[in-house]
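Student: Below is a structure I'd like to ask you about.
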Amino acid sequence: MDFEITRDVRNELLKRRELEFTLTFDGPTPSRKSIQEKLAALQNKNENLLVLDLERTRFGKMELFGRARIYDDEETKKGTEREYLLKRGEPKAESEA
């Protein structure tokens with residue numbers, strides 16, 4: 001997986017960094033969790049403060065275009081982000097059978 005950051009803007013009002021990136025990969029499309037972990041490691045931030053918003057792939061290409069936001073703290077993240085985006089990155093709970 002190779003990341004290319006195409007846009008990196010600091011939003012002081014919402015206390016976050018807004019990134020747009022292009023990800024080049026081999027094989028199947030990487031999972032949201034693996035993208036989140038790798039991007040957080042590249043930016044030297046905690047992966048819990050990173051939210052992936054948009055991921056688009058092009059047919060026949062091994063490229064993914066995406067947007068991410070990196071917050072300064074957990075409180076700002078929970079107060080700003082939409083609930084479904086916060087739940088989207090979490091692992092699913094196992095059901096009792």
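All of the numbers you see were taken from the coordinates with simple rules; none came from a lab. This is a predicted model, so every value here is computed, not measured.
Student: Using a Gaussian network for the chain with springs between C-alpha atoms less than 10 Å apart, which of these wobbles most: GLY27, GLY79, GLY66?
Tutor: Looking only at GLY27, GLY79, GLY66, the biggest GNM fluctuation is shown by GLY27.
Student: Across the chain, how many lysine pairs separated by 8 or more positions, or lying on different chains, have Cα atoms within less than 13 Å?
Tutor: Working: LYS15/LYS77; LYS15/LYS78; LYS33/LYS87; LYS33/LYS92; LYS77/LYS87; LYS78/LYS87.
Going through the chain pair by pair, I get 6.
Student: If you take the square roots of the eigenvalues of the alpha-carbon gyration tensor of the chain and sort them as a ≥ b ≥ c, do you get rounded (a/c under 1.5), prolate (a/b over b/c) or oblate?
Tutor: Working: a/c = 1.96, a/b = 1.10, b/c = 1.79.
Cα axes put the chain in the oblate bin.
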